[in-house]
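The values are calculated or read from the model by the stated rules, or taken from the named source; none is laboratory data. Keep in mind the model is a prediction, meaning the values are calculated, not measured. All Cβ positions, glycine included, derive from the backbone under ideal geometry; neighbour counts span all protein chains shown.
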Amino acid sequence: MKLRSVIVFGGLFLFGSCALQAEPWETISDCRLIENRYLDGDSFHVQAKNQDQVFRLYAVDAPETDDKFPERVNEQKKYFSTTKKAILAGGQEAAEFTRKLLQDPFTVETKWVDAKGNSQQPRFFAKVTLADGSDLGMRLIEAGLARSYGMREDVLLSYLNHLDKAQTAAQESGIGLWSAKAKRAATKAAKKSDAAN
């Protein structure tokens, strides 16, 4: 009986310690997009608390805008079952989509978790709530310009489920990179590749 109490107490202590160490969410309102060449659909510079911060969306992956990272482009190409050309065009479209949605002040929620990347300055994972109250990641996925993919820790399961459902709906509707045109281009490229081999 004593041993069980010690184990239960020890377990509660460890659980409590982990809970206490978890970083809280910080909400930063009145954020503004900083226009520069490093904007893409899921990563961008933001003026937050009078500082230039770089944020990367949690659990949302927009296509690459260029071929600097060919392995990423190839992985996205396979995932969306399309061509490299369609991925890069989709990346440009996602970047423009994000730029337009971030024209009005918006809110960032972050735990300041390092999102790594090739930026010269630190980049942090975040969720972005637009001026109209909608979620930037959700809007990208609903438009077929991103997938529910990437850093999913720290985010509520209900949010991830909404992203996954939005992706399924975009796929079924053939929106954005899920379009029939993109699928036809992928099929044509695959046939051309097979003929060459």
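Among the residues of region 33-56, is any assigned to a loop (DSSP other than H, G, I, E, B), of a type in the set (Val, Ile, Thr) and either touching a Ser or Thr at 6+ places or on another chain (Cβ under 6 Å) or surrounded by 17 or more Cβ atoms within 10 Å (Cβ to Cβ) (or both)?
We begin by selecting, within region 33-56, every residue assigned to a loop (DSSP other than H, G, I, E, B); these are 34-42, 49-50.
This time we only want the ones that are of a type in the set (Val, Ile, Thr), so: 34.
Going one step further and asking which of them are either touching a Ser or Thr at 6+ places or on another chain (Cβ under 6 Å) or surrounded by 17 or more Cβ atoms within 10 Å (Cβ to Cβ) (or both), we end up with none.
For region 33-56, residues assigned to a loop (DSSP other than H, G, I, E, B), of a type in the set (Val, Ile, Thr) and either touching a Ser or Thr at 6+ places or on another chain (Cβ under 6 Å) or surrounded by 17 or more Cβ atoms within 10 Å (Cβ to Cβ) (or both): absent.
Given the criteria under 18 Å from Tyr149 (Cβ atoms), basic (Lys, Arg) and over 15 Å from the mean Cα position of the chain (by Cα), does Lys77 qualify? Show your work before the answer.
On the way: under 18 Å from Tyr149 (Cβ atoms): yes; basic (Lys, Arg): yes; over 15 Å from the mean Cα position of the chain (by Cα): yes.
Yes; evaluated as a whole, the condition is true for this residue.
Only one residue in Val8, Val46, Val73 is at pLDDT 95 or above and out of contact with any Phe, Trp or Tyr (no Cβ under 8 Å at 6 or more places or on another chain). Which one?
Values: Val8 fails: at pLDDT 95 or above; Val46 fails: out of contact with any Phe, Trp or Tyr (no Cβ under 8 Å at 6 or more places or on another chain).
The conditions single out Val73.
Of everything in region 81-122, what is assigned to a loop (DSSP other than H, G, I, E, B), closer than 14 Å to Glu64 by Cα and within 15 Å of the chain's Cα centre (by Cα)? Give them in sequence order.
Pass one, region 81-122, residues assigned to a loop (DSSP other than H, G, I, E, B): 81-83, 102-105, 115-122.
This time we only want the ones that are closer than 14 Å to Glu64 by Cα, so: 82-83, 117-118.
Within region 81-122, Gly117 is the sole residue that qualifies.
Could you list, in sequence order, all residues of region 39-61 that are under 15 Å from the mean Cα position of the chain (by Cα) and closer than 14 Å to Gly117 by Cα?
Correct list: Leu39, Asp40, Asp42, Ser43, Phe44, His45, Val54, Phe55, Arg56, Leu57, Tyr58, Asp61.
Can you name the residue in region 89-106 that is among the acidic types (Asp, Glu) and out of contact with any helix residue (DSSP H, G or I) (no Cβ under 8 Å at 6 or more places or on another chain) and is also farthest from Lys127 (Cα to Cα) among such residues?
Glu96
Which number in (1) at pLDDT below 95; (2) under 23 Å from Leu163 (Cβ atoms); (3) surrounded by 10 or more Cβ atoms within 10 Å (Cβ to Cβ) marks the one condition that Leu14 misses?
The single condition Leu14 does not satisfy is (2).
Of the residues Leu130, Leu145, which single one is surrounded by 17 or more Cβ atoms within 10 Å (Cβ to Cβ), in contact with a helix residue (DSSP H, G or I) (Cβ under 6 Å, 6 or more places away or on another chain), over 19 Å from His45 (Cα atoms) and modelled with pLDDT of 95 or more? Let's see the steps before the verdict.
Values: Leu130 fails: over 19 Å from His45 (Cα atoms).
Among Leu130, Leu145, only Leu145 is surrounded by 17 or more Cβ atoms within 10 Å (Cβ to Cβ), in contact with a helix residue (DSSP H, G or I) (Cβ under 6 Å, 6 or more places away or on another chain), over 19 Å from His45 (Cα atoms) and modelled with pLDDT of 95 or more.
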